[in-house]
Amino acid sequence: MMTNVVLVGVELPRVNDFAESMVELHGLAEAADLNVTHVLTQKRERVHAGTYLGKGKLAELQGYLEGTESEAIIVNDELTPSQIKNLEAVLECEIMDRTMLILAIFAERAQTREAKLQVEVARLQYLMPRLAGMGISMSRQGGGSSGLANRGAGETKLELDRRTISDKINQYQRELKVVANERDNQRRSRQKKGLRVAALVGYTNAGKSSIMNTLVSSYHPQTTEKQVLEKDMLFATLDTSVRRIHPKYHQPFLLTDTVGFVDKLPTQLVKAFRSTLEEVVQADVLIHVIDASSPDSEKRQRVTEETLKAIGAEDKPMIYVWNKADLVPEVSQIMPKNHLWVSTYTGKGISELMSAIEAELFADEEQHVWLVPYDRGDVVALMNEEARIIELEYVEEGTQITAITPQHFIRNYGEFIVK
């Protein structure tokens, strides 16, 4: 049975996107399988320091809760520990803020061990300063392994809870460091092989996974790799997926699908997912997917760019993909260079997108004639892997090859270029 919840928000002066923010909060609640029974908003100069809402609105909310079967309220902003404590005392129901809700969705959707650890670290980091206000008791079973067994009897329960959380965070971060090192080794291996990487980034539910699946099916149709989950829901996928794409005129490259961004994405999550988001930082080109049908598309584009800046990826070559073009009138579909209209539903713009990706990824390639001695079969083998061979001929001096090769190959083996 779904939990009934009430959404609560305070509209402050000079905030232009409050209505859209509440709509998004509704979507987040649905993504968490919660049933929204009522939405209550209030205009104020500033949020109430003690109870978030003013006295009158708080009484109105209390009366509504008493007359319905709503079991919790979700607040559109991040609450302080004292606000949580005071609201729980007055309303006698569960209190969640926007950050808690996003963390709960991430915890529910995480599939891999890495994603689960990342979400748990973020949740515990958020929980730590709020223990006193939330009445939460941490389980301390197996305390010997957590280093608590020999603590003095004078240590308070709150101190014990904080120490338990701190120990858990340290343990999970050590595990994540191991995974991050493995991921780093994989990246280095790809770089050694000269594999280029394009990363899909964008606001949650913009259609990144749909674009990945379309490109995989169009340019690697015989692949045994499974399609990534695509669903019309916020944060449908959290785990980073990497697929190999085989363009017609270039060597294969890797396409990475990353976790979606959202307005007011908890800083704890950005920090916890930093090793995963490193895939974005290390990519050769970013494909910024924007939901063209969203009335809030410009703001979502800005949020994504701010998040990219926060992780140090703002200067990467960027292709802007306005997805769901089938839902937008064609008269408005005029865009500057590197902005493409795409629809995975109709197939519109997919070939143009592929051309744009290839142009960015392989801009440094050059065509040359190579003469490789017969005793350097290793160079020919590498060329078969990393270059696009146009013509190959066996001559007296060795293997003569006309090929389009990347710069790193030219730097390493340029001595064999004859033209």
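The values are calculated or read from the model by the stated rules, or taken from the named source; none is laboratory data. This structure is a prediction, so every number in the text was calculated from the model and none was measured. Methodologically, a virtual Cβ is constructed for each residue, glycine included, from the backbone with ideal geometry; neighbour enumeration extends over all protein chains shown. Ligands, DNA and RNA are excluded from the accessible area calculation, which covers all protein heavy atoms including side chains. Shrake-Rupley method; radii C 1.70, N 1.55, O 1.52, S 1.80 Å.
What percentage of the solvent-accessible surface of region 1-57, computed with a 1.4 Å probe over protein heavy atoms, is contributed by carbon and sulfur atoms?
Reported share for carbon and sulfur atoms: 51 percent.
Considering only Cα atoms, the convex hull volume of region 1-124 works out to 111 Å³ per residue. The relative contact order of region 1-42, computed from alpha carbon pairs under 8 Å that lie at least 6 residues apart in sequence, is 66 percent. Taking amide H atoms as placed 1.01 Å from N in the peptide plane, the amide H of Ser241 lies under 5 Å from those of Asp257, each 5 or more residues away in sequence or on another chain. Each of Val379, Ile350, Val328 was scored by the projection of its Cα onto the charge dipole of region 327-394, and the greatest displacement toward the positive side belongs to Val328; charges sit on the C-beta of Lys, Arg, Asp and Glu. Qualifying chymotrypsin sites (Phe, Trp or Tyr not before Pro) in region 350-419, where qualification requires a DSSP coil assignment and no more than 12 other C-beta atoms within 10 Å, comprise Tyr374.
Quick check: at a probe of 1.4 Å, how many percent of the accessible area of region 327-419 sits on carbon and sulfur atoms?
51 percent
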